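Visitor: Next up is a structure, given as structure tokens.
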Amino acid sequence: MVWPFALLGALAGLLLAGLSGAALGGLLGLLLDRRLKLRSWRQLAERLGLRRAPDDHELLFHLLGRLARREGPVQETHLRQACREMGELGLDARARQAASRIFAHGMLGVDGLRRSLQRLSGQAERVERLLRACWRMAWADGRVTPAERELMLLWGRWLGRSSAQVEALGRDCAPLPAPPAADDYREALRLLGIRADSDPATIKRAYRRLLSRHHPDKLAGAGASPARLHAATARTRELHEAYRLVRDRHGFR
């Protein structure tokens, strides 16, 4: 961490008044750094407008990297998603290297990021494209954590979008659940004692009949042994899962 004005103040004080001037200049500079929340030369350059605004690709991979690092070390799923985004954008080898560096290390402080996003706030297509890519990264490991959602809502606000609009995009970008394997479906039919062409009423009756027969509470009341209760609990879980799978495949509740 570098306190830019503290260093500049100390240097100016040293040149003007020696060691005592350096101490006073450094202290005054440190107070200014803290007031402006400056912790690096990069942040100072951003404040002074000396750094160029990032292009869309640079901004995107900066955001994707922040999301990937939000919960700790970057996971393999995040790296694969970043590669997919590069492929979607058609980046060549040189552009991919630059995007990878930005993804890994970032390029903007908080102030620079906020200003970059605010500059896009009136450009609907670019904003939506950026938010969708960020949501895809947040969903890369199959779930969105509260910390990731908080970050998405903050960026959405800087981009001029309401929380409801950002959340709606997040739901739209959520991955579809994988369809159950055929073997799992056949096993579920077998457990419930039904056929693939059974109607919803028949499926429900079969499920409730078996659940009543194997429910551990009922067996406990009849004085069943602990071993039998344990087996009944496992059987009940299997029936629940089988019914859920068949119900979802047949499309009823």
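Visitor: Among the residues of the range 188-221, count how many are open to solvent by 80 Å² or more (accessible area, probe 1.4 Å) and either of a type in the set (Lys, Arg) or assigned to a helix (DSSP H, G or I) (or both).
Guide: Within the range 188-221, the first condition is being open to solvent by 80 Å² or more (accessible area, probe 1.4 Å), and the residues that meet it are 190, 195, 197, 205, 208-209, 213, 217-218.
Remaining after also requiring either of a type in the set (Lys, Arg) or assigned to a helix (DSSP H, G or I) (or both): 190, 195, 205, 208-209, 213, 217-218.
Total meeting the criteria: 8.
Visitor: Go through 225, 198, 162, 212 for me and flag whichever is of a type in the set (S, T, N, Q), without any contact (Cβ under 8 Å) to a residue 12 or more places away in the chain, in the same structural domain as residue 116 (by the TED database) and out of contact with any helix residue (DSSP H, G or I) (no Cβ under 6 Å at 6 or more places or on another chain).
Guide: Numbers: 225 fails: in the same structural domain as residue 116 (by the TED database); 198 fails: in the same structural domain as residue 116 (by the TED database); 212 fails: in the same structural domain as residue 116 (by the TED database).
Just one listed residue meets the conditions, 162.
Visitor: Can we say residue 118 is under 20 Å from residue 69 (Cβ atoms) and surrounded by fewer than 15 Cβ atoms within 10 Å (Cβ to Cβ)? Explain how you work it out, then say what you get.
Guide: Numbers: under 20 Å from residue 69 (Cβ atoms): no; surrounded by fewer than 15 Cβ atoms within 10 Å (Cβ to Cβ): yes.
No; evaluated as a whole, the condition is false for this residue.
Visitor: Sticking with this structure for a sec: Would you be able to say whether some residue in the range 85-108 is touching a residue at least 60 places away in the same chain (Cβ under 8 Å), exposed (fewer than 14 other Cβ atoms within 10 Å of the Cβ) and not in a loop (DSSP other than H, G, I, E, B)? Step through it out loud before you land on a result.
Guide: So the first thing to find is which residues in the range 85-108 are touching a residue at least 60 places away in the same chain (Cβ under 8 Å), and the list is 108.
Filter once more, keeping what is exposed (fewer than 14 other Cβ atoms within 10 Å of the Cβ): none.
Checked the range 85-108: no residue is touching a residue at least 60 places away in the same chain (Cβ under 8 Å), exposed (fewer than 14 other Cβ atoms within 10 Å of the Cβ) and not in a loop (DSSP other than H, G, I, E, B).
Visitor: For the range 11-22, which positions are of a type in the set (Gly, Ala, Ser) and either exposed (fewer than 15 other Cβ atoms within 10 Å of the Cβ) or modelled with pLDDT under 70 (or both)?
Guide: If we filter the range 11-22 for residues that are of a type in the set (Gly, Ala, Ser), which is where we start, we get 12-13, 17-18, 20-22.
Residues satisfying the conditions are 13, 17, 18, 20.
Visitor: For the range 222-253, what are the residues that are of a type in the set (S, T, N, Q) and assigned to a helix (DSSP H, G or I)? Lay out the reasoning, then the answer.
Guide: Within the range 222-253, the subset of a type in the set (S, T, N, Q) is 225, 233, 236.
Listed by number, the residues that qualify are 233, 236.
Visitor: What number of residues within the range 57-84 are among the polar types (S, T, N, Q) and surrounded by fewer than 18 Cβ atoms within 10 Å (Cβ to Cβ)?
Guide: 2
Visitor: Okay, next question. Return the residue satisfying two criteria in turn: it lies in the range 134-173 and is part of a loop (DSSP other than H, G, I, E, B) and under 23 Å from residue 56 (Cα atoms), and of such residues it is least open to solvent (accessible area, probe 1.4 Å).
Guide: Pass one, the range 134-173, residues part of a loop (DSSP other than H, G, I, E, B): 139-145, 159-162.
Then drop every residue that is not under 23 Å from residue 56 (Cα atoms), which leaves 139-140, 159-162.
Numbers: 139: 56, 140: 25, 159: 2, 160: 50, 161: 58, 162: 55 Å².
Applying the filter and picking the extreme gives 159.
The values are calculated or read from the model by the stated rules, or taken from the named source; none is laboratory data. Quantities reported herein were computed from a predicted structural model and do not represent experimental measurements. In this analysis, Cβ positions are derived from the backbone assuming ideal geometry, glycine residues included, and neighbour counts consider all displayed protein chains. Ligands, DNA and RNA are excluded from the accessible area calculation, which covers all protein heavy atoms including side chains. Shrake-Rupley method; radii C 1.70, N 1.55, O 1.52, S 1.80 Å.
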